[in-house]
Every structure is written in structure tokens, then in C-alpha cells.
Amino acid sequence: MPPLIVYNTILYFMAEQTKVMTLEKVVVRFSGDSGDGMQLSGTIFSNLSAIFGNEISTFPDFPAEIRAPQGSLSGVSGFQVHLGSRKIFTPGDKADVLVAMNPAALKVNVKYLKPDTIVIIDTDSFKKEDLEKAQFATDDPFGELGLTTVQVVAAPVSSMVKEGLAEFGLDNKSALRCKNMFALGLVCWLFERPLEGAIHLLESKFAKKPGIVKANIKVLTDGYNYGNNIDASVSTYRIESKKTAPGFYTDVNGNKALSYGLIAAAEKAGLRLFLGSYPITPATDILHELSGRKELGVKGLQFEDEIAGVSTAIGASFAGALGVTSTSGPGLALKSEAIGLAVIAELPLVVVDVQRGGPSTGLPTKSEQTDLMQALYGRNGESPVVVIAAATPTDCFDAAFWAGKLAVEHMTPVILLSDSFIANGSSAWKLPDLDTYPAVKPPYADQYKGEQVWKPYRRNPDTLVRYWAVSGTEGFAHRIGGLEKDYNTSAISTEAMNHQKMVETRQAKIDRIAEFIPALEVSGDTDADLLIVGWGGTYGHLYEAMETMHERGLKVALAHFKFINPLPKNTEEVLKRYGKVVVAEQNKGQFANYLRSNIAGFNPYKFNRVKGQPFVVSRLVEEFTKIVEE
Amino acid sequence: MEEALKYQAQDYKSDQHVRWCPGCGDHAVLNCIHKAMAELGTAPHNVAVISGIGCSSRLPYYMNSYGFHTIHGRAAAIATGVKTARPDLSVWVVTGDGDCLAIGGNHFIHAVRRNVNLNIALFNNKIYGLTKGQYSPTSERGFVSKSSPFGTVEEPFIPAELALGARGNFFARTIDVDLKNTTEVFAEAARHKGASVVEVLVNCVIFNHGIHKHITDKEYRAERTIFLRHGEKMLFGKDNEKGLVLDGLKLKAVTVGKDGYTLDDILVHDAHEKDIALHLMLSLMKDDMPLALGVIREVEAPCYDEAVAGQIAEVQAKNPARTLKEVLMKGEVWEVK
């Protein structure tokens, strides 16, 4: 084995001996060129840890370019895993371990390092020309970045991979593609993860390519052994496994969980699921997932544009399916007019908006919460819709289930907000038992029991929902459309009083949904000095901030909203219960303003960041503590 | 003995008062659709008529079937959703030249390309009527309208050329004043499996009166149009004395018995020919040549809605999972005991 190269920047550390530290949680960040396979290393490591019994939360951070120039700063792709023996809510702020396959990866990730982070590098990719590509001026990248205290494990990964695969007869390029497995092997050693699990995962991933499996396993083992043999002077970590509820588990990201939630809603309703979509980052994986679920009869289809995506979904609902369309902010803008049609036609429709950085094309691969106002109000006319926001990757399942349920039972478009962060982030997920989920009952026209003859806009007096006469049903042929209809006859009407009545009715129908959704829950201290308010994908960070403050003896509570429109019935009561309230969100204050417009006299503190990156828990704690102490 | 029709044209009419202007060509086309449906015999509740925005798009309200008057330009996309979700329904798209070829151009070409089994009735009056008289994408270059006071400086679409360019398999053209043939063409369009486009030249009595007059007037209709029927000679004229022949790579109108042309020289219409070359030439005839009417192209091809359902059946034959739980259990799952 080649010797471990030690940079002088870590000399202080050499005095210490290797030690095994038992930690509650740890953050590992894999990073390299977008072609280096870091996403795969990260995924396998997080799955291994989940199977081992750790709590996990992951987040891939990839560039917008598919293949930026090799070694360049813009081409760095990362995958962060947070694992722990207790509940993990976020992928973590900073890394305890960073794998940097080239100098660009090191430079880009400096902001994620702690003073004692273990940095694993491939010295073969830290040559002069590599440093130049990453715009280093000197040949001491660590010194240049001011990293004087990190623990560096510097291994000639590329050459060892080539050497290790010599007998496989692979060409240079194919051999080097296995580099990511060497890094994974090293990380497995660092965390005392037995390799059997990784080998099993590799075997199933490359089941059809036994040659690749063998090469990858060889390199993985080499990486592990290398760590073991060099007797490297770095800490190794042990994360105890956590007692988890018995059951079957899988690793799921938000987009997948969301797709499953839609399937579950359709299954419970006895409806066919129809997805009309158009590729757009970061929502496309929903189209990928649902286009593959043909065994369930799901019609998951790609159309010519965003408008066709929503239009086909509306058509499918008119014909009796659960129509869904999936998109991101720019696509939601294009769909606005059609969503208005579903509002006035009162048809079920789920519109999934996986939010990304905006405006315009903005930051396609980054995360924001800037589409809230668009979801609530971004249509012509008075056109209320239900708005729901998913809180975590696994909550995407429940949120999507609710979106489908409310759309069908209340004959309305539902906009389901996710974001790039939870869509791509993943965690271990206990497979849901659908028997424990509420029923989904479509209000079919044959349920109409009124005295007057049935018309398309006859309503259930309790819910104000019109009955669904699915195309092809004998006895219920009817015409609907985008023109205002008469409340009684359902014929076209431009009559002034009727329009006022229909506008009020459509609004009241949505408002009444508050009777059918769960109340807002508050976690934390009942006598808190500060109530943290959030919505959507920031839940994990806000919860962790609350816990940290708690540990420091501060009295805080968290109210996190999943149901945005209508708001849960107890919203006002909860918000007025606390002396100080801070609304934290990744926009310029859209939810805070929305709450203010709904609750007279409500005047919260606001915490707003619009960086395209997740909140940083330590910053939240700092700011919230200031408010408490103010 | 002729079989009695299951449904009469009356059965497809709704109780709504028709609100088109008196003398509008749309009235006649509506009647033709009612009659064609009676001829086809599909139960009214198994028919869905989807329209966009414009004068003609009011049509669903006058049907006793399922109907959806949607938004501008999107009828083809919404109808694609209806048909793909429910391939057993007879789905019609009612649209105009502005709705279909301007704001809805993208959905139109893609519905045609995919070959969704839709019956698309394209009402072409070469004007925006509902917004009171602006030029449309089928208005001739130089056309003077409220939005082109000095005449347009753009070329029009020829719907047939667009439909065939989008790899359409069924295209027919007809005129509002010819009720018998229009009815027949609609019935043929509905029987065709796949996207069928029927362009009806309609007169807008208010904003574009007489735009098709040079073709549709009884006085010269026989001379200026040719009604094509599959398997029949391409003859036209008052006494069918004229016909079409191929002259090199071009079509030529000749008189039988003149200049050495005999009946044997006249082309026979083959609507089922896959090669679009001749269909395109026929569709584009104008000026000295008669305008082609009737079913110009009708070619069998796999249709989208059936293919989507077929693929599901294929996967289901191999994969027994029918619930979400079964699907999830097949994935990478571990058990905690």
C-alpha cells in the first residue's frame, strides 16, 4: 500500500492516536466531478446506514449543467448524508466527513467544513493542472483556503484503483469509473460499516452487468482495506443503531413518496390515476416514477408542453380519472389559465409544484419557497384553490394523499407545494399501511338526492360540492365549461347577482374544507416565549432549531403548516397564544403576509432567506435566540 | 330493408337556444354533426364534445352529449386527456382557425402526430369573429382587417398542409353549404381510427362575408371544386367533363376528350396511399385548379389512446402487482423486527 500523504496543515493532529468516537449523529458529504459517481456512493452509504438502523436524511446538491468541464468549479456534484442514532430531521449544516475527489470539490465545499472535519482526497487528482482548473494560485490548496485544522486522509485513489483492477483487463476510463467505490470503501471503514450490505446493494444495482459488479466490489474492498491498513490517524465513528418501529422500510426521496401518495389516493378512491406532465427540474422524477407504474394501470404520460400537461389532466378528470399534473414554478405559471378552468368547471385536479429558485429560469436545481403567492393567487378572477405543502421527504406521501383526497371529495384543483430540497432529499420510510388512511369518496352524481332535477351545479348542501357526472354515464350527459353558469339551471349566465353568488359559493366551498382537515399542531413548550412558524420543506431545520434552543434552556414551540388554504380552523387561536411569533420561510415573507391578511392584528417577526440553499440550523438558533432575548 | 337508426339527429340536440348569428355557416355544420352522429349510432352519453374558444367553440352547448367548452387553444389537449382516460368514448374536438392554428397550434400538431383517436372539426372562416374581426392564421397575405388595416404581411397556414406535415393520417375538406357531403365526411372521420381532421370552410356573415364565395357559390362550385372519393376518378365540372392528370411532377386539370386526354388518363383517388406526396398536391390546389373537397387522406395507423392502454395490458400480463403495497414490497425493502 502506498503511504498516507500527510499535509503539514494537519500536523497538530498527528499527535493524537486513532480513536473510535461514539456519536449521536454525523454528516458525510461526498463530492466530486459530476461524472465521478458521488451520488451513487452517497446513496449506497445512506441505504447501508438506514439498514443498519440509523436515522438518515440525505440531500443531493448537483450542478445545473449535466457535464460541466472536468475539474471545474461549476461541475462539482455533491451528496450529503446525515445519520444518527436519534431522530434526524435535516441533511445537516456542516460535514464531519468530506470526500473531495478533486480540488474543485474541496474549494466549493469549504463552507460546509468544521474545524476538525475529516477530508478524504484523491491525491492523483490534486496535481498542478487540477489545481489550476479549480483556480488555485498555489500548490497548497488547504493553506490557500485557510484549512489549517481539518484532518486530511490523502490517498492516491486513482492509481490504486488502476492497480487494483489491473487483472480485470479494463481500459483506463472504465477502471477509473470505479473511483467512487474506493471512496465509499474508505467511508465504510471510517464508520465501521461491514461491506456485506454494500456488496449486496451493488449486486442488485448492476444485476445485469456481472463484470461491473466484480470490479466495483474489488475497488470497494480495496478502499476499505486501505483505510484499515494505513492506520490513519483520524477518528473513526460509531453511530449506534436506533430502536425503530417494527415493519418494512425503504429509502425514499420526496418525489418518489409524492408519486406513491398520489397512487394511494387513487387506489383508495377506486379511480384511475392520470398524470399529464412535461419534463422540468426538479419535478421530472415524478413523471419518471408514474410513467413506470403501468402494472397499476397508472397513465403517466409526457405531453408537448406544460399547458398540455395540465389540460390532458383536466380532460382525464372530466372523463372520470384522478387528473394530476407535475411541474415547477415556471410551469405553474404556464398552467394558470387551465387551473382557472378547473376552478370554474369544479373538477378534481392535483397540480404538483416542486419549487425551485426563481424568478424565470432562476436556479433550476436549488430550493426555495417562492411560489406560495403564485399558488394562492396566480390566476385571473376570483379563483380559490386548495394549497397544501409537504414538510419532509416522507411527508410528501401524506401531503400527496391529502391533495388527491381533497381534490376528489371537494371537486377542486389542489396545488401541492414541494421543493427541490425535500424532493431530492431522502430518508428511511416505513411502508404505509393504507388501511390506516382515511377513505376517499368521489361525490358521484348518483349520490344526488335533492328534490329538484339533477343539474351539473347542484351542490351538496353540507360541503357545497357539486356532484361528479363522469363522461359516459347514462342519464347525466351535460355541458360545462369556462363560462359562468347559473346557480340553479347550470346554463351559461352573465347575470350580475348570479355571478356574485357563484363567486361566493366557490370561495365558501374551499373555506369549508377547513372542517375536513386536521387541526394545526404545536410541538415544544406550551408556555413558550417564542413560537416558530413555518410551512413546507423547512420543517426539519425549524424543528432542529427548536430542539437546540430547548437544550439550551430556552422556551420555544413550533407550529408547522401543511394546510395553507384553507388554514386549519385553530390557526388564529394558536398564533395568538404566544407573545412572540416568528415566521421563517425561504422567500421574502409570503406566508407571513398571507397570515397577516387572514388574522387581524397579527404582526410576527420574520426570518427570510432566499439563497437557494436550505436553512442553516445554527443561523436559525442565533436569530431566534435574539428574538427571545429582545 | 334499411335498418332503422337507433338514434335520430334530434337525440343529439340539446334544449339550448343556438346563439350564432343568423346566416352563420356554423348552423349548417351543427346540423351535419347531429345527422352524422345519428348515422353512427353512438349513444349520446358516450359522446364527448370538447371545444376551445371562439364562435364555433360554443357548439358543445347545442349537443345533448357530454360537452366541455374549455379555454382558448387547448381543446385538442383536453380532448387527448378525455380520450386517453376513456378510449371507449367517441371524442370530438370543435375548434376554429384561430383557436386551432394560432393559440392552439402546438396541441393541434401534437394530437395529430400522436394519432389520438379524435374527430377534429376545424371551422375555417379565416377571421376572428368573437373578437369582432381580426385576421387569422388562415387569412391570405394582404388581407385587410381591424388588426391589419394596411393588409397582412404574412403567409397563411393551409390546414391540410399543416395536418399532413404533422404526419396526419386523415384529412378531409368540406364546405358549410354542402350538407349532404359534410354529413358524410363527418361520419367517415368518426369511423376512422386515429386523429381525423375535417376542415369545414364556413362563412362568417358579419365579419368575413363571402370569403369562400368564389368556391362555394352554386354558380361556379362544380368548376372550382373537385369532390374526391376513394377509388373513383378525379372528375369535376358541371357534367364531370374535367379531370386531373399528372403532368410530370405536377397535377394538371384537363378536359376529357380534349388535347388527346381520355378518361383512362384521369387519376383515380387513393385516399389509403401512405405516401403523402399526391395527397399534399391535391390539398394545395388553388387558382386555376379546383379546390379539393372530400376525404383527401385516410390511412390506417396505430392510435395513441389504444397504444397507451395496450402497453398497460402488456405490463400487467407480466407483472402481477396491482396495489401500491405490492409494488413497494418488490423494491429495496428491509425489515425491522
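Using the Karplus relation 6.51 cos²θ - 1.76 cosθ + 1.60 with θ = phi - 60°, the per-residue 3J(HN,Hα) values for the stretch B:130-145 come to 5, 9, 6, x, 9, 5, 10, x, 9, 5, 5, 3, x, 4, 8, 9 Hz, with x marking Gly and Pro. Working from label points 7 Å from Cα in the Cα-to-Cβ sense, the A:K209 to B:S147 distance is 5.3 nm.
The charge dipole of the protein assembly as shown, taken about its Cα centre with unit charges on the Cβ atoms of Lys, Arg (+1), Asp and Glu (-1) only, comes to about 880 debye. Taking 27 Å as the limit for the C-alpha separation, the pairs B:K180/B:K238; A:K111/A:K179; A:K114/A:K588; A:K173/A:K294 exceed it in the case of A:K114/A:K588; A:K173/A:K294. Computed from phi, the 3J(HN,Hα) profile of the stretch B:233-248 under the Karplus parametrisation 6.51, -1.76, 1.60 (θ = phi - 60°) reads 5, 8, 10, 8, x, 3, 10, 6, 8, 10, x, 10, 10, 8, 10, x Hz, with x in place of Gly and Pro. Counting beta carbons within 10 Å around each of B:S145, A:S204, A:S426, A:S418 and listing the fewest first gives the order A:S204, B:S145, A:S426, A:S418. Sequence neighbours fewer than 8 away in the same chain don't count; with that in mind, list the aspartates and glutamates whose C-alpha is under 19 Å from A:K25. The reachable aspartates and glutamates, counting only those whose Cα sits under 19 Å from A:K25, are A:E55, A:D93, A:D96, A:D116, A:E192, A:E240, A:D251, A:E544, A:E547, A:E551. The angle between the Cα long axis of helix B:304-318 and the main principal axis of chain B comes to about 30°, on a 0 to 90 degree scale.
Taking Cα atoms of the stretch B:224-330, Rg/Rh with Kirkwood Rh, to two decimals?
1.39
Summing Cβ point charges (Lys, Arg +1; Asp, Glu -1) relative to the Cα centre of the stretch A:361-482 gives a dipole of roughly 420 debye. Pairs exceeding 25 Å between alpha-carbon atoms, taken from A:K208/A:K430; B:K213/B:K242; A:K299/A:K405: A:K208/A:K430.
What share of Cα pairs, in percent, lie more than 22 angstrom apart in the stretch A:522-629?
Numbers: 1302 of 5778 pairs.
Tail of the P(r) past 22 Å holds 23 percent of the pairs.
Applying the Karplus relation 6.51 cos²θ - 1.76 cosθ + 1.60 with θ = phi - 60° to the stretch B:213-228 yields 3J(HN,Hα) values of 4, 4, 10, 8, 4, 3, 3, 10, 4, 5, 7, 9, 10, 9, 9, 8 Hz, where x marks Gly and Pro.
On the beta carbon distance between A:T526 and A:E630, with R0 = 22 Å, the FRET formula returns roughly 0.55. Remark on A:V581: its backbone amide H falls under 5 Å from those of A:L531, A:Y605, a criterion applied only to residues 5 or more positions apart or on other chains, H modelled at 1.01 Å from N.
Backbone amide hydrogens, once placed in the peptide plane, bring A:A95 within less than 5 Å of A:L113, A:K114, excluding anything fewer than 5 places away on its chain.
Candidates A:N460, A:L131, A:T571 compared by Cα position along the dipole of chain A: farthest toward the positive end lies A:N460, with charges placed on Cβ. The long axis of helix B:26-40 is offset from the longest Cα principal axis of chain B by roughly 60 degrees. Quick one: helix A:210-230 against the long Cα principal axis of chain A, what's the angle to the nearest 10°, folded into 0 to 90? In chain A, helix A:210-230 runs at an angle near 60 degrees to the longest axis.
Residues whose amide H falls under 5 Å from that of B:K13, counting only those 5 or more places apart or on a different chain, are B:N64, with hydrogens built in the peptide plane.
Counting only Cα atoms, the size of the stretch B:9-216 along its three principal axes is 49, 35, 29 Å, in decreasing order. Of the two radii for the stretch A:251-436, the radius of gyration is 0.93 times the Kirkwood radius, both from the alpha carbons; that is the Rg over Rh value.
Dipole of the stretch A:514-630 computed with +1 at Lys/Arg Cβ and -1 at Asp/Glu Cβ about the Cα centre; of A:F607, A:A545, A:F561, farthest Cα towards the positive end is A:F607.
Please rank B:C21, B:C32, fewest neighbouring Cβ atoms within 10 Å first, as an exposure proxy.
Arranged by neighbour count, lowest to highest, B:C21, B:C32 become B:C21, B:C32.
Expressed per residue, the C-alpha convex hull volume of the protein assembly as shown stands at 221 Å³. Note on chain B: with a GNM built from Cα contacts shorter than 10 Å, the maximum mean-square fluctuation among B:T182, B:T174, B:T152 falls on B:T152.
Starting from the Cα of B:A313, step 7 Å toward the Cβ, then list every residue of the stretch B:167-191 with an amide N under 12 Å from that point. Within reach of a label on B:A313, which here means backbone N under 12 Å from a point 7 Å along Cα→Cβ, the stretch B:167-191 contributes nothing.
With neighbours defined as other Cβ atoms within 10 Å of a residue's Cβ, the residues B:W334, A:W429 order from fewest to most as B:W334, A:W429.
No lab work stands behind these numbers, since they all come straight from the coordinates. Note that the coordinates shown come from a computational prediction; the quantities given were computed from them, not determined experimentally. Cβ sites come from the backbone with ideal geometry, for glycine too, and all protein chains shown count toward neighbours.
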